1. In whole Å, how far is the Cα centre of the range 44-70 from that of the range 123-180?
2. Assuming 0.36 nm per residue, please report the length gained on full extension of the stretch residue 56 to residue 7 beyond their Cα-Cα distance.
3. Shape call for the range 72-154 from the C-alpha gyration tensor, a ≥ b ≥ c root eigenvalues: rounded (a/c under 1.5), prolate (a/b greater than b/c) or oblate?
4. Between residue 191 and residue 227, what is the spin-label point distance in nm, taking each point 7 Å from the Cα along the Cα→C-beta axis?
5. Over the chain, with a Gaussian network built from C-alpha contacts below 10 Å, which listed residue (188, 225, 206) shows the highest mean-square fluctuation?
6. In what sequence do 282, 6 fall when counting other Cβ within 10 Å, fewest first?
7. Of 223, 32, how do they rank once you tally other Cβ atoms within 10 Å and put the fewest first?
8. With a 10 Å radius around each residue's Cβ, average the other Cβ atoms per peptide and rank 65-71, 75-81, 49-55, highest first.
Ligand code: RRO
């Protein structure tokens, strides 16, 4: 099995981050502890992204925060996090132990020296003022990105929302204001209603849908942005196996993030997906992941 990993180059240079393979842990999955991130890296992730953190601690919403639906999950956690000061301790510890790039997901930007990169979360579908209010307005988004780029000299990834009328316009504004790569996409605004109680199930009522249900939406958005904006893309949305990952690469993503499926199936999925990508490259006669990025556009 591991011999297979040597038959093709699986490495990816993503905006200056060197990944041993194109899989990344999506933000928001599996807590804040450095042990958890280390475990994920040891299981084969090419990079890990923390849960989103903001300047001050936030409790998040009350329960229920999660509901399973047809082929996905709707969450409305409400950005629970211990605040940057407390979080820095975990980040520092993680950085000293991790062998793969550590990306810190931030809401309100706070200087973070130990991160290899930051992922700006401007796309939470339901947290007021700091989430998709920024990510859906190209002018405000550009101002925020310029400010962050001025403050740090690390790669800035920007995670965008599908809950906008023109994602290409948003992606273009992000690129022009200095984003180094774009993560496409955050969750899709969604709701589930309890027919007995006759009320929305989540305490926050509205949430974000993730999982297999949103994969075709994410594939389309990656494909469409790739065609019109020249910037490295990271595909995210419903990846549960190697084939899903390959689909994103063919659509134009240089790397992929896996979220809900890791929570459901465990971190070994990173290795399985990487092996699957390697086998696919071998079968098709390609020597590197880079050779298939955006390949579906040649059709
Ligand atoms: O914490 C959340 O409820 C949350 C966030 Br910050 C996000 O970016 N996307 C999402 O679906 N939920």
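1. Cα centroid of the range 44-70 versus Cα centroid of the range 123-180: 19 Å apart.
2. On the way: separation 49, 0.36 × 49 = 17.64 nm, distance 4.70 nm.
Taking residue 56 through residue 7 to full extension adds about 12.9 nm, to one decimal.
3. Numbers: a/c = 2.08, a/b = 1.30, b/c = 1.61.
Oblate shape, in that a/c is at least 1.5 and b/c is the bigger or equal ratio.
4. About 3.3 nm, to one decimal.
5. For the chain, modelled as a Gaussian network with Cα springs under 10 Å, the answer is 206.
6. Details: 282 13, 6 9.
Listed from fewest to most nearby Cβ atoms, that is 6, 282.
7. Values: 223 21, 32 17.
Neighbour counts put them in this order, fewest first: 32, 223.
8. Values: 65-71: 14.1, 75-81: 21.6, 49-55: 24.0.
Averaged packing, sorted descending, gives the order 49-55, 75-81, 65-71.
Since every read-out is calculated from the coordinates, none of them should be taken as a lab result. In this text, all values refer to a predicted model and were calculated from it rather than measured experimentally. A quick note on method: Cβ atoms are made from the backbone with ideal geometry, for glycine too, and the neighbour counts reach across all protein chains shown.
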